[in-house]
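As structure tokens, the structure follows; a few thoughts come after it.
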Amino acid sequence: MIAAADFNITKVERSKLNDINLENIPFGKYFTDHMLEVDYEDGEWKTVEIKPYQPLLMQPSMAAIHYGQAIFEGIKAYKGPDGGAYMFRPQDNFKRFNISAERMQMPQVPEDIFMEGMRTLIKLDSNWIPDKEDHSLYIRPFMFSTDEMIGVKPSDKYKFMIILSPTGPYYNTPMRIYVEEHYVRAAPGGVGYAKAAGNYGAAMYATAQAKKQGYDQVLWTDAFEHKYVQECGTMNVFFIIGNTAITPGLEQGTILAGVTRDSAIAVLKDMGFTVEERDLSINDIIDAYHAGVLYEVFGTGTAATISLIKELKYKDFSMKFDIDRWRTAPELKKRLNDIRYGKAADKYGWMYKI
Ligand SMILES: *Cc1c(COP(=O)(O)O)cnc(C)c1O
């Protein structure tokens with residue numbers, strides 16, 4: 001077990017916080033004073049360094065930028081009403097990180113480096129956790145291959161890092177979504193279930209095409225038939241049909257197993273919904289729309305919590321929703337945020353004290 005004392009900590013001389021106003025700052029643009037960096041070499045993790053946020057020096061031959069062994073996570077920390085700092089279900093992100101690592105043939109990151117490292121880093125930069133409603137500290141753990149050699153093979157060397165970014169309210173205006181039936185995000189046997197960097201690069205072209213037509217994101221469909229819905233951008237997706245909440249299942253490994261998705265399933269059950277994790281075809285969605293029982297459609301993810309979908313465009317057909325009448329998604333969002341900000345009892349044991 002590594003204790004904080006085992007970390008090699010170098011502090012900044014002057015905090016950048018003196019020059020930044022934490023109110024309403026945009027997502028992912030500002031970083032705190034410190035970062036965590038640890039190298040993997042000769043089959044073992046070296047000393048964990050926590051040091052001033054700074055550029056990395058790399059060789060042009062560095063493996064990750066050629067062959068893409070690169071994975072990441074996204075977690076948020078909040079100020080609780082007791083003034084303490086809390087993370088939302090970070091153990092689940094830790095487990096998912098190592099699932100991604102295994103799929104990308106990268107080494108496992110030990111729990112004490114990931115969890116204790118994250119905790120020590122956040123404690124050091126705890127002044128950066130915004131104390132305002134809808135604000136938080138976004139935590140970005142990531143790992144990439146660092147061999148300095150051009151040759152396609154798993155790298156022998158890796159770097160694991162954590163950086164922190166204070167963030168204001170994530171502006172999530174209701175989205176117009178394009179149902180994609182040409183491009184593919186993930187196929188069975190692929191890496192869709194891993195938070196691997198290449199998945200996001202691979203999605204950008206199709207997303208840009210949809211944006212040109214005025215849509216905010218694509219809703220991916222299955223790789224074989226383009227018939228079953230998958231997920232949407234960096235969000236899992238839920239459909240409220242009658243008294244049932246349906247979200248695509250994880251068995252095929254084409255969908256990222258979101259922590260927010262899992263949390264939404266638990267809260268929706270508590271709200272009295274039957275929750276089904278299963279295949280859902282676009283035809284069934286259209287039928288439910290025509291029958292007047294497709295009540296709500298929304299995405300779930302750490303960044304925005306819940307994002308309402310006000311339009312779904314499939315071929316020449318647009319399903320439009322009167323989101324002002326929705327009750328479920330707003331209530332779900334409120335319940336999740338009340339737990340995150342310590343306004344409601346943490347009955348599921350999701351909050352992790354830093
Ligand atoms: C991160 C991510 C999600 C959401 O996961 P959370 O753990 O809820 O943040 C969903 N889909 C994709 C593709 C993602 O990268």
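The values are calculated or read from the model by the stated rules, or taken from the named source; none is laboratory data. None of the values given here were measured: they were computed from a predicted structure. Neighbour counts are summed over all protein chains in view; Cβ atoms, including those assigned to glycine, are modelled from backbone coordinates with ideal geometry.
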> Right, Gly233: in contact (Cβ under 8 Å) with a residue 60 or more places away in the chain, under 30 Å from Ile20 (Cβ atoms) and small (Gly, Ala, Ser) or not?
Replying inline: yes
>> Condition first: assigned to a loop (DSSP other than H, G, I, E, B) and within 15 Å of the ligand (Cβ to nearest atom). Now tell me which residues in the stretch 283-319 satisfy that.
In response: Thr302, Ala303, Ala304
>> Anything in the stretch 24-39 that is part of a strand (DSSP E or B) and in contact with a Leu (Cβ under 7 Å, 6 or more places away or on another chain)? List them, or say none.
In response: His34, Leu36
> Given the structure, is Gly198 under 17 Å from the mean Cα position of the chain (by Cα) and in contact (Cβ under 8 Å) with a residue 12 or more places away in the chain?
Replying inline: yes
> Does Leu219 satisfy the criteria of being under 18 Å from Tyr183 (Cα atoms) and modelled with pLDDT of 95 or more?
Replying inline: yes
> Which residues, counting only those in the stretch 320-336, are free of Cβ contacts under 8 Å to residues at least 40 places away in the same chain and more than 16 Å from the ligand (Cβ to nearest atom)?
Replying inline: Lys320, Phe321, Asp322, Asp324, Arg325, Trp326, Arg327, Pro330, Lys334
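Residue by residue, here is whether (1) among the charged types (D, E, K, R); (2) surrounded by fewer than 21 Cβ atoms within 10 Å (Cβ to Cβ); (3) modelled with pLDDT of 95 or more; (4) within 22 Å of Pro188 (Cα to Cα) holds:
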position	(1), (2), (3), (4)
Cys232	no, no, yes, yes
Val237	no, no, yes, yes
Ala245	no, no, yes, no
Ala264	no, no, yes, no
Gly272	no, yes, yes, no
Arg278	yes, yes, yes, yes
Ser281	no, yes, yes, yes
Ile286	no, yes, yes, no
Val293	no, yes, yes, no
> When you look at Gln59, is it in a loop (DSSP other than H, G, I, E, B), modelled with pLDDT of 95 or more, over 19 Å from the mean Cα position of the chain (by Cα) and over 24 Å from Leu137 (Cα atoms), yes or no?
Replying inline: yes
>> Looking at the stretch 84-112 only, could you name the residues that are surrounded by fewer than 21 Cβ atoms within 10 Å (Cβ to Cβ) and under 23 Å from Ile9 (Cβ atoms)?
In response: Gly84, Ala85, Phe94, Pro110, Glu111, Asp112
> Among the strands (runs of 3 or more DSSP E) confined wholly to the stretch 180-282, which include 2 or more residues that are more than 10 Å from the ligand (Cβ to nearest atom)?
Replying inline: 217-221, 236-241, 244-247, 274-277
> So which residues in the stretch 62-94 are of a type in the set (Ser, Thr, Tyr) and part of a loop (DSSP other than H, G, I, E, B)?
Replying inline: none
> In the stretch 141-155, what residues are in a loop (DSSP other than H, G, I, E, B), small (Gly, Ala, Ser) and at pLDDT 95 or above?
Replying inline: Ser155
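Results for (1) touching a strand residue (DSSP E or B) at 6+ places or on another chain (Cβ under 9 Å); (2) more than 29 Å from Asn98 (Cα to Cα), shown as yes or no for each residue.
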site	(1), (2)
His182	no, yes
Ala187	no, no
Tyr193	no, no
Gly198	yes, no
Ala206	yes, no
Gln209	yes, yes
> All but one of (1) in the same structural domain as Lys310 (by TED's automatic domain parsing); (2) more than 28 Å from Pro110 (Cα to Cα) hold for Gly190; which doesn't?
Replying inline: (2)
> Which of (1) away from the ligand (no atom under 16 Å from the Cβ); (2) more than 21 Å from Asn283 (Cβ to Cβ); (3) modelled with pLDDT of 95 or more does Pro169 not meet, given it meets every other one?
Replying inline: (3)
